[in-house]
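What follows is one structure encoded as structure tokens, with my remarks underneath.
The values are calculated or read from the model by the stated rules, or taken from the named source; none is laboratory data. It should be emphasised that the depicted structure is a prediction, and the values quoted were computed from it without experimental measurement. Positions of Cβ are generated from backbone atoms using ideal geometry, with glycine treated the same way; all protein chains shown enter the neighbour counts. Protein only, heavy atoms only, side chains kept; ligands, DNA and RNA dropped before computing areas. Shrake-Rupley method; radii C 1.70, N 1.55, O 1.52, S 1.80 Å.
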Amino acid sequence: MTARVTPLGLSIMAVAGCALSLAVLSGRPELFVAALPLLLALVPLALRAPALDHRISHEVSRERVFEGERVTISVTVTARAPIPLIELLGPLPAGSAVVSGRHRAVMTVGAGGTARWSYELVFPGRGVHDLGAIAVRRRDRSGVRTWEDRHVDSKPLRVYPTIAPLRSLPRPAYPRASIGDYVSPAFGEGIEPADIRRFAPGDRVRQVNWRASLRLGELYVTQHHRERNADVVLMLDTLAEAGRTPETTLDWSVRAAASLATAYLARKDRVGLINYGGLIHWVKPAGGRTQYERLADALARAGVVFTYVAKDLAVVPPRVLPPRAVVIGITPLLDARFARAALDLAARGFDLVVLDVSPVAATRAALLPSPATDLACRLWTLERRARLAELHRQGIPVLEWQPPEPLELALARARRRRPRLVAAG
Amino acid sequence: MIRLLPAAIAAALAAAPVVIMPEPPIAVTALAGLLLATVAIAARWRWPATAAAAVFLVDYTAALWLAGARVNIAGAAGFGLGLLYLLESLDLAGRVHRAAVDTAVIRSHLGRGTGFGAATLGAAGLLVAVAGALAAPMPPAVAPILAAAGALGVVAIIAVFVTRAAARPSTRPRP
């Protein structure tokens, strides 16, 4: 704990010195008397420092929240010796805002007393924060001496991207062997009828199609389509972003990735993630609730890392990018390296879909409205249209999404054009 | 609301020299001090407050010197207390700005200020009584030298206070 003279103490010293000087110069005894209260206020500087006997504890109401949700931070100060004045500066991470109460408190605590203070924060954007540090400044009774310290008790908070419910999803072309929700072209166990054939030894009686059997005069059985799951890899473009936090293209991309991951995991698919940027991070495809936590954690931390180096997807292990997986590239197409990587994946036979997160609206929202801005945005839109047409020509399906319109709308638009898309519900 | 207290104190400090010597230069200097105090109160800025206190002090000295009035110990102690309260109340106003404030903070400050004021007035009275008793047998020629030595002694004591406060080893709260 650092002890020092407060600015108030320095001010009192300056004024006291001024009073004494004027007293000597003018020879008026009143000025000595006027300096007396100021000098008496400085006496505690010469006294022994009081014992600092207090304890600070703080609690954070939740460890994980979604964007826009509130978190309450409660701080308790317990003092064994009296504290004339204590100032506390609670955590206020970048991007958060105080919605209730104040993140700074000034309080007096009596001997054996307890003081509590709380405030609420809202996090408009995703991220991982530590709400564990509280700056503490304790003052003595006269206010001329202060002790400063930091109370650190790690309280991590994860702010996950918001999830939009999705009904239409890009359907994988190649299902896996495990049981899932996709109707496979192959026959086997399932509930979706496929065909009928003559009864053969070994067929179960419950498979007999009695209507067909009566009409054709011999036993026929119904065959069903197998229902399988798929591997889905979300490839997030973290090479560049446009717009203002928390409405940047990367923020929207992360929200789209979280929504897609949730929807696919609900359909028993295995979902993985590749953050394709200055640093390549990945999450191996898997299913279940734990996988959602892994993906949400990775998405909450996703950020742009600038680099001039073109990253090669060959560094990604095959278990992260399984053959025949459907790869959904989520990108604003600001960096040509991502488009090249997408073409590389398509050339290697991956079932690739590109979700194009338009940066035009995000950029326009960050700029002052003017005719020049409108013209620039229109030119940019035309340029992007040409780039998307080039991807179409290369045979890569592109879903155009213009945030803040709902992602479902973009998927539904594409569903009308592409028969590969099926309803998830 | 909390800024009304320093504003009232500043007004009183500006008025005191004008009451002693109602002359235009004294009034103009008081207005200059008041202007600095207004800046300090509005901006919660400490150094204009210190400057305002110094200006009030210079104005008070000038008024006393020009008026050549009888020594008023209670008034001088009150003026000194006013300077101290001005600095403290401005400091408190800055501290509680945009902070969750416990009402006990204001209560304890007011109580401490009242107690300190009474103690200071008592100490001033005692000091003047002792000084009066000592001044009688002392030759008048020694008085300025004694005053200067006293002032130097006080400044030296302040320096010692500051040095000790800065050099004291850190103290950690017990777990």
Which residue is surrounded by the fewest Cβ atoms within 10 Å (Cβ to Cβ), if the candidates are limited to the stretch A:5-31 and must be at the interface with chain B (Cβ under 7 Å from one of its Cβ atoms) and outside any helix (DSSP H, G or I)? A:27
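Please specify each residue of the stretch A:318-333 satisfying the condition of being within 19 Å of residue A:281 (Cβ to Cβ) and touching a residue at least 24 places away in the same chain (Cβ under 8 Å). Steps first, answer last, please.
Residues of the stretch A:318-333 that are within 19 Å of residue A:281 (Cβ to Cβ), as a first pass: A:318-322, A:325, A:327-332.
Correct list: A:319, A:320, A:321, A:322, A:325, A:327, A:328, A:329, A:330, A:331, A:332.
This table checks each residue for (1) surrounded by fewer than 13 Cβ atoms within 10 Å (Cβ to Cβ); (2) touching a Pro at 6+ places or on another chain (Cβ under 6 Å); (3) at pLDDT 85 or above.
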{"site": "A:154", "(1), (2), (3)": "yes, no, yes"}
{"site": "A:165", "(1), (2), (3)": "no, no, yes"}
{"site": "A:175", "(1), (2), (3)": "no, no, no"}
{"site": "A:186", "(1), (2), (3)": "yes, no, no"}
How many residues are within 7 Å of another protein chain (Cβ to nearest Cβ) and assigned to a helix (DSSP H, G or I) if we restrict to the stretch A:38-51? 7
Against the condition out of contact with any Pro (no Cβ under 8 Å at 6 or more places or on another chain), open to solvent by 60 Å² or more (accessible area, probe 1.4 Å), facing chain A (nearest Cβ under 8 Å) and not acidic (Asp, Glu), how does residue B:70 come out, does it pass? no
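Take the stretch A:54-83 and flag every residue that is over 36 Å from the mean Cα position of the chain (by Cα) and open to solvent by 10 Å² or more (accessible area, probe 1.4 Å).
So in the stretch A:54-83, the residues over 36 Å from the mean Cα position of the chain (by Cα) come out as A:54, A:79-83.
Once the filter is applied, which keeps residues that are over 36 Å from the mean Cα position of the chain (by Cα) and open to solvent by 10 Å² or more (accessible area, probe 1.4 Å), the stretch A:54-83 yields A:54, A:80, A:81, A:82.
Does residue A:34 fit the bill of being at pLDDT 90 or above and within 7 Å of chain B (Cβ to nearest Cβ)?
Details: at pLDDT 90 or above: yes; within 7 Å of chain B (Cβ to nearest Cβ): yes.
It is true that residue A:34 is at pLDDT 90 or above and within 7 Å of chain B (Cβ to nearest Cβ).
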For the stretch A:65-82, state whether one or more residues are at the interface with chain B (Cβ under 7 Å from one of its Cβ atoms) and without any contact (Cβ under 8 Å) to a residue 60 or more places away in the chain. no
Output the number of the condition that residue B:77 fails; it satisfies all remaining conditions of (1) at the interface with another protein chain (Cβ under 7 Å from one of its Cβ atoms); (2) on the phi > 0 side of the Ramachandran plot. (2)
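If I ask for residues that are part of a helix (DSSP H, G or I) and more than 8 Å from chain A (Cβ to nearest Cβ), which ones from the stretch B:93-106 would you list?
B:93, B:94, B:103, B:106
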Counting only residues that are more than 17 Å from residue A:14 (Cα to Cα) and open to solvent by 40 Å² or more (accessible area, probe 1.4 Å), how many does the stretch B:74-110 have? 11
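Here are B:124, B:119: which of them is facing chain A (nearest Cβ under 8 Å), surrounded by fewer than 16 Cβ atoms within 10 Å (Cβ to Cβ) and under 20 Å from residue B:83 (Cα atoms)? I'd like the intermediate steps shown before the answer.
Working: B:124 fails: surrounded by fewer than 16 Cβ atoms within 10 Å (Cβ to Cβ).
So the residue among B:124, B:119 that is facing chain A (nearest Cβ under 8 Å), surrounded by fewer than 16 Cβ atoms within 10 Å (Cβ to Cβ) and under 20 Å from residue B:83 (Cα atoms) is B:119.
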Could you tell me how many of the residues in the stretch A:327-348 are of a type outside the set (Phe, Trp, Tyr) and touching a Phe, Trp or Tyr at 6+ places or on another chain (Cβ under 8 Å)? 4
Can you confirm whether residue A:247 is in contact with a helix residue (DSSP H, G or I) (Cβ under 7 Å, 6 or more places away or on another chain), open to solvent by 80 Å² or more (accessible area, probe 1.4 Å) and farther than 19 Å from residue A:170 by Cα? yes
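Those residues that are of a type in the set (Phe, Trp, Tyr) and either within 13 Å of residue A:88 (Cα to Cα) or more than 33 Å from the chain's Cα centre (by Cα) (or both), I need them from the stretch A:108-140; list them, please. So that I can check it myself, show each step before the final result.
Of the stretch A:108-140, the ones of a type in the set (Phe, Trp, Tyr) are A:117, A:119, A:123.
Of everything in the stretch A:108-140, those that are of a type in the set (Phe, Trp, Tyr) and either within 13 Å of residue A:88 (Cα to Cα) or more than 33 Å from the chain's Cα centre (by Cα) (or both) turn out to be A:117, A:119.
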Of the conditions (1) surrounded by fewer than 20 Cβ atoms within 10 Å (Cβ to Cβ); (2) in a helix (DSSP H, G or I), the single one that residue A:35 does not satisfy is (1)
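Residues are listed down the side, and each one gets a yes or a no for (1) among the small types (Gly, Ala, Ser); (2) under 29 Å from residue B:72 (Cα atoms):
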{"position": "B:100", "(1), (2)": "yes, no"}
{"position": "B:111", "(1), (2)": "yes, yes"}
{"position": "B:114", "(1), (2)": "no, yes"}
{"position": "B:117", "(1), (2)": "yes, yes"}
{"position": "B:133", "(1), (2)": "yes, yes"}
